[in-house]
1. For a protection proxy built on the mean count of beta-carbon atoms within 10 angstrom, sort 232-244, 147-159, 78-90, 182-194 highest first, please.
2. Please list the non-local residues whose amide H lies under 5 Å from the amide H of residue 14, H modeled 1.01 Å from N, same-chain partners needing a gap of 5 or more.
3. Multiply the residue gap between residue 306 and residue 126 by 0.36 nm, knock off their C-alpha separation, and tell me the result in nm, one decimal place.
4. Please give, to one decimal in nm, the separation of the simple spin-label points placed at residue 96 and residue 397, each 7 Å out from Cα toward the Cβ.
5. Keeping every protein chain present and rolling a 1.4 Å probe, give me the accessible area per residue for the range 238-293 in Å².
6. Roughly what % antiparallel, to the nearest 5, for the DSSP beta bridges in the range 78-365?
7. Taking just the alpha-carbon atoms of the chain, what radius of gyration and Dmax come out, in angstrom?
8. Run lengths n ≥ 4 of DSSP H only: what is the helix-derived mean residue ellipticity at 222 nm for the chain, with -39500 (n - 2.57) per run over all residues, to the nearest 500?
Amino acid sequence: MESKLNHVQTKQWDQLFVQGNLITLDAGVDAGWGLIPQGALAVSDGRIQWLGSMSSLPEIDPSVDIIDLEGRLVSPGIVDCHTHLVFGGSRAAEWQQRLEGTSYRQIAEQGGGILSTVRATRSASQDALYRAAAARLRTLLRAGVTTVEIKSGYGLDLETELKMLRVIRSLGETSPVDVHATFLGAHALPDEFAGRPDDYLDLVCNEMMPAAKDLATAVDIFAESIAFDLPQTERVLQAAVDLGFPIKIHAEQLSHMGSAKLAAEMGAVSADHLEYLQRPGVEAMARHQTVATLLPGAYYFLGETERPPVEALREMGVPIALGSDMNPGSSPLMNPLLVANMGCTLFGLTPLESIRGVTLNAARALGIDDQVGSLETGKRADVAVWDLDSPEELAYLIGHQPCTAVYISGRPVVNEPLDGPPDS
Ligand code: NIG
Ligand code: FE
C-alpha cells in the first residue's frame, strides 16, 4: 500500500535534486538554519513538492530528471529586496569628491547626488538604460539572486518615471529573475520644482502614481531632510494606500525624523535604512510587524558611523531583512553574500540572521514570503547551490563567488562547472 502511494508521488515529480546539504530556513521546523544534511528536494510545475533526507526518499520513478548536488550546500534563492539598479551615468567623480571630504548631504544640496543621476537617466534612451541594468542583473543572478526589487526614482517627471518602469518590466520579461517594480517618484525634488515641493507632490500623487499602477507593485518615498518631510511623506504614502499600493519607505537614513513610526502605523510592509531609528519607531515597527530592511552597503559606502539599532529590533521581534541598495550614489554593490557579510561585521547580525535577511525576511519585505525565501513544500523551486561546507560560510568569505548553480522555478538558469584539477 505504502510503496504504491510512493510510486504515484514520484511519478508526478519533474525533477529530483539529490545529495545536497539543504538550508531550508523553514521557520516552522526550528528558528535555525533548518538543516537537512544529505537531503533531497523534489519539484513539479516549478514548485517544491517534497523535501527531506535521502534516507526517507520514496521510491524513485526512472522518468524523473535527477540532479546530483554532490554534497554541496543548497539554499533558497537570494532575494534582493531593495535596489535602484536602473539608472543612467555614473557617480564615480562624486565619490572621489566624497573621498576628499565633501559629504553626501553637501553634494545633494549643491544639485548633485540623486539629481545628477536624474539628469543622466532623463537623457538616456530606454534601450541604453535596459542594457546597462541587464548587465547588473546578470551579475546578481550569477551570485545566487532569484528575486529582485527595483525602484524607479531617477526620472522625477512622468515620462522618465514611466520609462524606468518600462525598463524594469522588460528586465522581468527577459531575465529569469523574478523582478518586482517599486514606484519612487518621491525620491528627490527635481530642479524645475525648486521651492515648490507641494506642486511636485501633486504631480506624483495625481498623475505619476495612477499612471504607475500597471507597472509597479509598491510605492516608496525618501523621507529625509534633503528629500521630503513628515507631512509630505504622509501625503504620498496615503495617496499610495488609497490607490491600493503596498507602501515602503527610505527612513531615518541620515537623521531621525519619525518617518519609520509613521510608515509602520500606516501599514508599511518595510522601512529601510534606519541608521537613526529611535525606540518609538522600533516599537511601532514591532507592533505592526513592519520589516526592517537594513542596507549595510550604503552605511559602508557613505562612511556612516551611526549603526541601526539592531539589538532593539531583535529584542522587540522586528523582522530584519538585508538589501544591497544597489545604486550609483550610496551603494554601488552587486554581491549579496557581501551584503550578508556586512550585516554581520558592520551591524552585528549573526550569520543566520544575515542569511535569513537576504532570503526569507527579504521575501517578507516584498510581501511574497508565502512564495519564496525558504525551501518549503508549495513554494517556488528557487534554489541556489554553493561550493561551501557550512552555512556560516555564506556570510564569512569576502569577495569569493561560491555559487555554482541557480534554479528558478526548478529551471537551471546558472550552471558553473566546478574548477577541477587541471587536465593532464
Ligand atoms: O537608498 N536614500 C535615498 N536613495 C538611495 C540613494 C540614491 C542615490 O544616491 O542615488 C539610497 O541610499
Ligand atoms: Fe535605496
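The values are calculated or read from the model by the stated rules, or taken from the named source; none is laboratory data. Note that the coordinates shown come from a computational prediction; the quantities given were computed from them, not determined experimentally. FYI the Cβ positions are ideal-geometry reconstructions off the backbone, even for glycines, and counts take in every protein chain you see. Areas reflect the complete protein model, heavy atoms only, side chains present, ligands, DNA and RNA absent. Shrake-Rupley method; radii C 1.70, N 1.55, O 1.52, S 1.80 Å.
1. Most protected by this proxy first, the peptides run 78-90, 147-159, 182-194, 232-244.
2. The list, which skips near neighbours in sequence, is 43, 44, 45.
3. Fully extending the segment from residue 306 to residue 126 adds 61.0 nm.
4. A separation of 3.4 nm, rounded to one decimal place.
5. 32 Å²
6. Looking only at bridges with both residues in the range 78-365, the antiparallel portion is about 5 percent.
7. 21.9, 77
8. About -9500 deg cm²/dmol.
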